[in-house]
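The block underneath contains the structure these notes are about, expressed in structure tokens.
Please treat every number below as a calculation from the coordinates, not as lab data. Bear in mind the structure is a predicted one, so any value in this text is a computation, not a measurement. Cβ: placed from backbone, ideal geometry, glycine included. Neighbour counts: every protein chain shown.
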Amino acid sequence: MSTVIQLALAVGEPVDRPAEGPAPVSLADAVVIAAAAEEAAVAAIRLLDGVAAGHVLDPTVVGAYLAGRHDRVGYVAEVPTTRNAPYNAARRVLSLDRATGGRAGVALRAGDGDEVSQATAPHPGAADPVRRWAEYAQVLTRLWESFPRAALIGDQEAGVVVDDALIRAIDHEGAFYRVAGPLDGPSSAQGRPVVVADLADFGGPLGVTAVARSADVVVVDRERAAGADAALTEALRRAGRSRKEVALLGRVEVAPDDVASSPAAAALGDGLRAWAGEHRLDGFELAPTGGADAVIAALRALPPRLTDAAGPPSPAARPLTLRAALGLPELSAVAA
């Protein structure tokens, strides 16, 4: 698996007070940043749902807007379990995925529930966010598999739009959600959207176990990197999956001073490559702090130093789906 680069970006309105972490950039600046991400061969832009430094726009709306202008980079929309019913989230993300030709995903964030699901929850008192995340992710993936592309026939002469025998209700009933399904539209070119899990949402080793069944990408920060590969490999084995099916990315905050000069960027790049090798990371999630200029500076300075390639691939050589860009096995079709 080649080195994967994902960019964390907040799009919205910054506040005047200083704050740690990424600061929101305007939608106009986000368009420029997406162009720079394409040039740097970034696999995906993770659109944040909230930051301490300001207010953000809906990540799925921003992803759709940016994808209409820059279609050689993937878009991962953050969706917290809080306030978002899984059926609605599944439809929104899958619509983005189909519109981008299979270059979308969701960064599912652990949290609370939503009033729609709570009204029909099998166990209204269930509150564990780790278990909620695992069940929510399972509902998403099953919904995305409920309407395979092969079911969409569109035969005008025979008067057959879909083969409804291939479309299956998921009839899910767990501790947190009761969802019948199926979805009302077919799966995308990559089979189903990519699911990103952030281990910062989970306290302790249970997080790896919770995400092993559904996650395609796992993001880990410096504090949790040690032992993450071994724990993830074992959790995937128990879930009947292979480590090759999941990309493990190390999250890195990048301050403007880190890339202010070529020597500084080179030193940071060397350090990150050593960190990735030590902990068997497949790539990085860059989280530049500061405004749009800082983000663009990081994109121009770091990706060439973090990959083995002599330069970014030509547009014709770019992977066609987000799964391919992340080095994940393709799901060309979803079985019924």
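List, in order, the whole-Hz ³J(HN,Hα) value for each residue of the range 281-294 obtained from phi through the Karplus relation with A = 6.51, B = -1.76, C = 1.60 and θ = phi - 60°; use x for Gly and Pro.
Ordered by residue, 3J(HN,Hα) equals 7, 8, x, 9, 10, 7, 10, x, 8, x, x, 4, 4, 5 Hz.
Measure off 7 Å from each Cα along the Cα-to-Cβ vector at Asp163 and Ala267, then give the distance between these two points in nanometres to one decimal.
Taking the two extended label points, one gets 6.2 nm.
Loop-only check: which trypsin sites (Lys or Arg not before Pro) in the range 251-291 are DSSP coil with at most 15 other Cβ within 10 angstrom?
Arg280
Have a look at the DSSP beta bridges in the range 93-200 and tell me what percent are antiparallel, nearest 5. Working shown, then result.
On the way: 4 of 8 bridges.
Bridges in the range 93-200 are about 50 percent antiparallel.
Taking every DSSP beta bridge that has both residues in the chain, what percent is antiparallel when rounded to the nearest 5?
Values: 8 of 45 bridges.
Bridges in the chain are about 20 percent antiparallel.
Calculate the spin-label point distance for Arg280 paired with Leu27, positioning each point 7 Å from the Cα along the beta-carbon direction, and give it in nanometres.
4.4
Output the antiparallel fraction of DSSP beta bridges having both residues in the range 1-140, as a percent to the nearest 5. Can you show the working numbers first?
Working: 4 of 19 bridges.
Percentage antiparallel, nearest 5: 20.
Between the range 241-288 and the range 50-103, how many Å separate their Cα centres?
The distance from the Cα centre of the range 241-288 to that of the range 50-103 comes to 24 Å.
Label points 7 Å out from Cα along the Cβ direction at Thr82 and Asp112: separation in nm?
Simple spin-label model gives 0.7 nm for this pair.
Taking N as the number of residues in the range 114-236, what value does Rg over Cα atoms divided by 2.2 N^0.38 Å take?
1.30
How high is the FRET efficiency between Glu253 and Ala226 when r is their beta carbon distance and R₀ equals 22 Å, given to the nearest 0.05?
Here the calculated transfer efficiency is 0.75.
Under the rule of at least 5 residues apart or a separate chain, name every residue whose amide H is placed under 5 Å from the amide H of Val218.
Ala197, Ala247, Leu248, Leu249
With θ set to phi - 60° and the Karplus curve 6.51 cos²θ - 1.76 cosθ + 1.60, what are the ³J(HN,Hα) couplings of the range 266-272 in order, to the nearest whole Hz, using x for Gly and Pro?
The phi angles translate into 5, 5, 5, x, 4, x, 5 Hz.
Please give the helix 228-238 orientation as an angle from the longest Cα principal axis of the chain, in degrees from 0 to 90, rounded to the nearest 10.
For helix 228-238, the angle is close to 20 degrees.
Normalising by the residue count of the range 42-125, find the relative contact order in percent from Cα pairs under 8 Å and 6+ residues apart.
The normalised contact order for the range 42-125 reaches 30 percent.
Can you put Glu285, Glu278, Glu157, Glu330 in order of Cβ neighbours within 10 angstrom, beginning with the fewest?
Glu157, Glu278, Glu330, Glu285
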